[in-house]
Amino acid sequence: MAAVIVLMIAATFIEKIQGTPAALKLVYHNPVFMALWGLAAVCALWFILQGEGLGRRCATVLLHISFPIILAGALITHIWGKEGRVLLEPGKTVTQWVMEDGSQWDLPVPMTLQEFQIDRYPGSTAPSDYRSIITVGTGADASTLTISMNNIGKIDGYRFYQADYDGDSSILMVVRDPWGVAITYLGYLLLLAGMLGFFFQKESGLKRAVTRLSESGKGWRRYCYLYPAVLILALLALFIIFRTGAYSKDAQMAPVLRSPLLFIHVTPIVLSYILFAALAVIGIIGLISKKASGRLMDLSLTILYPAVFLITFGTFLGAVWANISWGSYWAWDPKETWALITLLVYAAPLHGSTLKAFQKPRFFHIYVFIAFLCVLITYFGVNLILGGMHSYS
């Protein structure tokens, strides 16, 4: 996983310097990179199967099983998934679409563009939505299909997304990937079930950390005030973010952002960032106060688990939203890549039972303090340096 993280970091800078095709060729679609992910999946299964008391750790089992299932779905999508575009001109019937390699394939049914519409914000030329009204089929079997941003069209296993336009002509993305998406979504569901069930699991690192804290005496109860303080900071941050900038209700957002999933996607990620910031602060205190270092590590663990689960939920919900909006649940955009890097970096300390270094309080505090650099790069650095589709956020 360390090698995967280093390669992903390198890929984001390769993309900035040499472009997306170079990053895909040298890293993301490189057989070595894929083999490392495959090895990580095998290790995840081996790790969980070697443990004892699987029946008492059902949530942990689900978490580790979901990992290789998600990767298997991604591999199937990469190998067998088809993706391309079709240009629809008003009144002209089209029967074929073009893949990215230039090959032409038959559409499941003939398609004719009735009208392409652009909705604009009141008093502005900025578009708020794009809409294609299409006749599907011919003769008596013809029907009307409307495709817009965040509103895909589905025909016989094919999915059609509003991708672009050229004057009064519409450009749709065409995707066919029945198995890869289904398997990936199954992995997402197992991941969600594992995260929710983890808080009710009797044997877990979180429960052990809470138990140790509760046995540490009354003096540690004052640290319970940290939780409402962090919550207040998180809510304040969310209020500022959604009242200003790209997420403001008065902002002229790009059409793809006009979705209820925006708030659900952003909120858990921002909350995780606030929790990671709290961990960095506790890490500094833990390094200064050697006597309290061990208990501060336990306190950090009670924050780290929900923080990792929040960023995991937000990141993979974003993948679902991306699949709904433009037909690809993972595009290796710098922002989403760094979100994944942050997730993996912070997941490492959760495995202290096998990664013995994380059992040492001093190492743990140094690690979570340095790890906060990933959050800063994800939230600020990508926007300022790397760019990409998420550079507005």
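Summary table
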read-out: Some residue of the range 190-199 being not assigned by TED's automatic domain parsing to the domain that holds GLY327 and not in a helix (DSSP H, G or I); value: yes
read-out: Flag for ALA319 being in contact with a helix residue (DSSP H, G or I) (Cβ under 9 Å, 6 or more places away or on another chain), at pLDDT 95 or above and of a type in the set (Gly, Ala, Ser); value: no
read-out: Residue match in the range 16-28 (condition: small (Gly, Ala, Ser) and surrounded by 15 or more Cβ atoms within 10 Å (Cβ to Cβ)); value: yes
read-out: Condition met for GLY327 (at pLDDT below 85, crowded, with 18+ Cβ neighbours inside 10 Å and in contact with a Phe, Trp or Tyr (Cβ under 6 Å, 6 or more places away or on another chain)); value: yes
read-out: Counted residues, the range 35-77 - those being crowded, with 18+ Cβ neighbours inside 10 Å and among the charged types (D, E, K, R); value: 1
read-out: Given (1) basic (Lys, Arg); (2) under 23 Å from the mean Cα position of the chain (by Cα); (3) not in a helix (DSSP H, G or I), index of the condition LYS291 fails; value: (2)
read-out: The range 96-147 - residue that is among the hydrophobic types (A, V, I, L, M, F, W, C) and not in a strand (DSSP E or B) and, of those, farthest from SER325 (Cα to Cα); value: ALA140
read-out: Residue in the range 341-361 that is surrounded by the most Cβ atoms within 10 Å (Cβ to Cβ), counting only those that are among the β-branched types (Val, Ile, Thr) and in a helix (DSSP H, G or I); value: THR342
read-out: The one condition in (1) free of Cβ contacts under 8 Å to residues at least 12 places away in the same chain; (2) under 15 Å from SER272 (Cβ atoms) that VAL375 fails to fulfil; value: (1)
read-out: Unique residue being more than 27 Å from ILE324 (Cα to Cα), within 24 Å of the chain's Cα centre (by Cα), modelled with pLDDT of 90 or more and not basic (Lys, Arg) when the list is LEU45, LEU39, LEU71; value: LEU39
read-out: Breaking point among (1) free of Cβ contacts under 8 Å to residues at least 60 places away in the same chain; (2) under 23 Å from ARG208 (Cβ atoms), for LEU296; value: (1)
read-out: Considering residues of the range 78-94 that are more than 28 Å from the chain's Cα centre (by Cα) and surrounded by fewer than 15 Cβ atoms within 10 Å (Cβ to Cβ) only, the residue farthest from GLU115 (Cα to Cα); value: THR93
read-out: Tally of residues being touching a residue at least 12 places away in the same chain (Cβ under 8 Å) and under 29 Å from the mean Cα position of the chain (by Cα) across the range 122-163; value: 23
read-out: Among residues of the range 21-74, those that are under 18 Å from PHE198 (Cβ atoms) and among the hydroxyl-bearing types (Ser, Thr, Tyr), counted; value: 2
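Let's see how each residue does on (1) part of a helix (DSSP H, G or I); (2) of a type in the set (Lys, Arg); (3) crowded, with 20+ Cβ neighbours inside 10 Å:
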position: SER259; (1), (2), (3): no, no, no
position: SER272; (1), (2), (3): yes, no, yes
position: GLY283; (1), (2), (3): yes, no, yes
position: LEU287; (1), (2), (3): yes, no, no
position: VAL308; (1), (2), (3): yes, no, yes
position: VAL320; (1), (2), (3): yes, no, no
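The values are calculated or read from the model by the stated rules, or taken from the named source; none is laboratory data. What you see is a predicted model; the values in this text were computed from it and never measured. Every residue, glycine as well, gets a Cβ built from its backbone with ideal geometry; the counts of neighbours run over all protein chains shown.
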